[in-house]
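Chemist: Quick one: the structure is below, and I'll ask about it shortly.
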Amino acid sequence: PPTPTPPPSARARAATMSWQAYIDDSMMSTGALASACIVGFDGQIYAQSADFPAITASQVQTFKANIANPDALGATGLMVGDNKFYTVACDPGSVLRGRKGASGICIAMAKTCFLIGIYGEGQQAGDVNNIVESLCDYLKDQGC
C-alpha cells in the first residue's frame, strides 16, 4: 500500500493558508468575536469579516505610532471606523485593548500587520484576547 503523506509543517500551512481563512477558521468560527480584521501597517486590509467597521489607514497608523506608549491614546481612544473604544489594560509594544459599553476590542501587533477582534454584548473580553493574541503569536512565529 502507498505510504501516507505526512501533514505539512506549520510553516508550510501558514504559507499556503489565505488571510481570509485565518479570519473565518481561526477567529470567527469560535463564536467569541462579533467581527475581525487583519490589516497591514499601511492600512491595506488583508482580510476581514463581513461586518467589520470601515477602518482607515490613518487609524492603523495611529495604532502603530502609539502601541509602544498606549497612554498617549487616553484622550482619543482607539478609533475603528466610527467606533471609539476607551483604552484599557494594554501591553505596551504588542497589544492594545479597549472597551465601549458592553463591547470591546483587542488589537495585536504581528511583524507586518495588526490582528483586530471586536466583541459585543454576551461575548467575553478574555476569550477574544486569547484568540487574537494566540493567532498573532503564531503568525509572528511564521514571520508574518
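A short reminder: the numbers here are calculations on the coordinates, not readings from a lab. Predicted model, so just to flag it, every value in this text is computed and none were measured. Note: ideal-geometry Cβ built from the backbone for every residue, glycine included; neighbour counts use all protein chains shown.
Chemist: Based on the Cα coordinates of the chain, what is the per residue volume of their convex hull in Å³?
Modeler: Looking at the chain, the number lands at 113 Å³ per residue.
Chemist: Helix 125-141 versus the longest principal axis of the chain: what is the Cα-based angle in degrees, 0 to 90, to the nearest 10?
Modeler: Relative to the chain, helix 125-141 is tipped by roughly 50 degrees.
Chemist: May I pose another question? Run the quick spin-label model on Asp141 and Glu121: label points 7 Å from Cα toward the beta carbon, then report their separation in nm to one decimal.
Modeler: That separation, rounded to one decimal, is 3.8 nm.
Chemist: Using 0.36 nm per residue, how much length does the chain from Asp42 to Asn83 gain when fully extended, once their Cα-Cα distance is taken away?
Modeler: So the extension gain works out to 12.8 nm.
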